[in-house]
Each structure stands twice: as structure tokens, then as C-alpha cells.
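Remarks on the structure that follows.
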Amino acid sequence: KQEVTQIPAALSVPEGENLVLNCSFTDSAIYNLQWFRQDPGKGLTSLLLIQSSQREQTSGRLNASLDKSSGRSTLYIAASQPGDSATYLCAVDSGSRLTFGEGTQLTVNP
Amino acid sequence: NAGVTQTPKFQVLKTGQSMTLQCAQDMNHNSMYWYRQDPGMGLRLIYYSASEGTTDKGEVPNGYNVSRLNKREFSLRLESAAPSQTSVYFCASSEFSRGPYEQYFGPGTRLTVT
């Protein structure tokens, strides 16, 4: 059974800092990995999707990497802003379904 | 283009009552999903529909039924609500269930069962 772990559970940083969120998964037989953002009381917003054949994807200040063989993905956020404060969720697609981590709650302080 | 919409946004039920959560998407997606989100448990898949006319169980299907009414709509029914079903329910859709297709989520339904 696929299990997804995200470390740290919470992170507080000053504005402008570059930061890395970590995601690990137990079964490397995945199709895709998707990073989401969730604001309090809201739904999930897709940030990036990395296919199993890819090493990384970039969107603006966000860069996600994937090392399938070691079961790890990272989400790099450059020059963090208070508006980046949210919970970030990693989800692994092992075939017709996503398995989610519990998320990293990020607070960016002005 | 509204994306994925869910109704209602909030609901309070008494134990044993029934209700149906509605979900609709306007992106012409083939696949739709129902998840629940609980503190300490993350999001878990309840049921999904890979294409119109098909439904399959996810990780936590007990106590729920689903109907893929047409390509746009996928409903989740609680026949006899229990306090353990207190949760936030999310509907999602994707172009297909297999392959590099992002899932898009609705805003959620917050359900409390007393």
C-alpha cells in the first residue's frame, strides 16, 4: 500500500527566504506526482504535476523535483511571500487514484 | 467556467439521517472523484468514476454510495449518517483517470453529524 509522508508538518519563515518542502513515498511504481496548495477552509489548487519520466517541473517561483528511485519529491519556493502561506500537499498517482500526504503548513512572516 | 462546484457548502445532520452531496464539473472531464479530509488522516479516496457509467470503490467506501448521473455530475449519498462521517468532503475531476492529468478540486462540503 502506498504511503506518503511530508516533512516538516509545519514551517515558519521570514519573507524573502527560499525554502524546500519534502515529500516521500514508499512505492516507486508511480505514474505522476502532484503538488497542491490548500488555503484554510478552501479546496485544493493544483500547483505542479510531474510525470514519472520527468525530473522536475517549474512554474514561476515554484520548482518541483522527483527522484522516483529513492521515493522522494521536493517543492522549492523561491523568494517566499506572505501570500504563500498555506498548506502544501503532495499526492502520488499509483494508477487511477491519488494517495495524499498530510501536508506541510507554511507560514511566511512579513 | 466554474470548474468543479459542490453543494451544499455546509450541512448538519442527525445520526441516521440521509443526504446526498452534489458535484458538477464543466471542464468536459471523463473522471470524477470523491474524497474526505480528516485531521491527522489527510485526504482519502471514497469512490471514483473513471468514465461515465462506471464507478469504483476507493480506500474508504463503507457507508457511502455514488451515482455518476451523466458526464458532468457525480453525487455521493450517505444513507444513514454516523458521527464518524463528520468530515470535509471534496469532489474532484480530471480529463482521464490514468496518465499525466491533473485533478481539479471543488471547494468542499463541511458535514457535521451529531
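Read the figures in this text as sums done on the coordinates, not as results from a lab. Remember, predicted model here, so these are calculated numbers, not experimental data. All Cβ positions, even for glycine, are placed from backbone atoms using ideal geometry, and neighbour counts span all protein chains on display.
From the square roots a ≥ b ≥ c of the eigenvalues of the alpha-carbon gyration tensor of segment B:1-41, which class results: rounded (a/c under 1.5), prolate (a/b over b/c), or oblate?
Numbers: a/c = 2.39, a/b = 1.65, b/c = 1.45.
Prolate, since a/c reaches 1.5 and a/b exceeds b/c.
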(Q) Over 10 Å intervals from 0, what percent of Cα-Cα pairs in segment B:1-88 sits in each interval? (A) 16, 50, 30, 4
Q: Straight distance only, please: which lysines reach the Cα of A:K42 with their own Cα at less than 16 Å, same-chain residues fewer than 8 apart left out?
A: B:K9
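In segment B:1-94, what trypsin sites (Lys or Arg not before Pro) fall in a loop by DSSP, with at most 12 other Cβ atoms inside 10 Å? Don't skip to the answer; put the middle values down first.
On the way: sites: B:K9, B:K14, B:R36, B:R44, B:K57, B:R68, B:K71, B:R72, B:R77; in loops: B:K9, B:K14, B:K71, B:R72.
In loop regions of segment B:1-94 (DSSP not H, G, I, E or B), the sparsely surrounded trypsin sites (Lys or Arg not before Pro) are B:K9, B:K14.
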Q) Cα atoms only, segment A:1-95: Rg and Dmax in Å? A) 13.0, 39
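So, by mean Cβ neighbours within 10 angstrom, what's the order for A:54-66, A:81-93 with the highest one leading?
Working: A:54-66: 15.4, A:81-93: 19.8.
Listed from highest to lowest mean packing, they are A:81-93, A:54-66.
Can you give the local net charge around A:E17? Use residues other than it whose beta-carbon is closer than 14 angstrom to its beta-carbon, Lys and Arg +1, Asp and Glu -1.
Numbers: positive: A:R61; negative: A:E15, A:D84.
The answer is -1.
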**Q.** Which of A:E102, A:E3 has the fewest Cβ neighbours within 10 Å, and the rest in rising order
**A.** A:E3, A:E102
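Which FRET efficiency value, to the nearest 0.05, do you get for A:N109 and A:A79 by plugging their Cβ-Cβ distance into 1/(1 + (r/R0)^6) with R0 = 22 Å? Walk me through the intermediate numbers first.
Numbers: r = 14 Å, r/R0 = 0.64.
Efficiency at R0 = 22 Å is approximately 0.95.
Taking the protein assembly as shown on its own, what percent of its Cα-Cα pair distances exceed 33 Å?
Values: 3920 of 24976 pairs.
Here the tail beyond 33 Å accounts for 16 percent of pairs.
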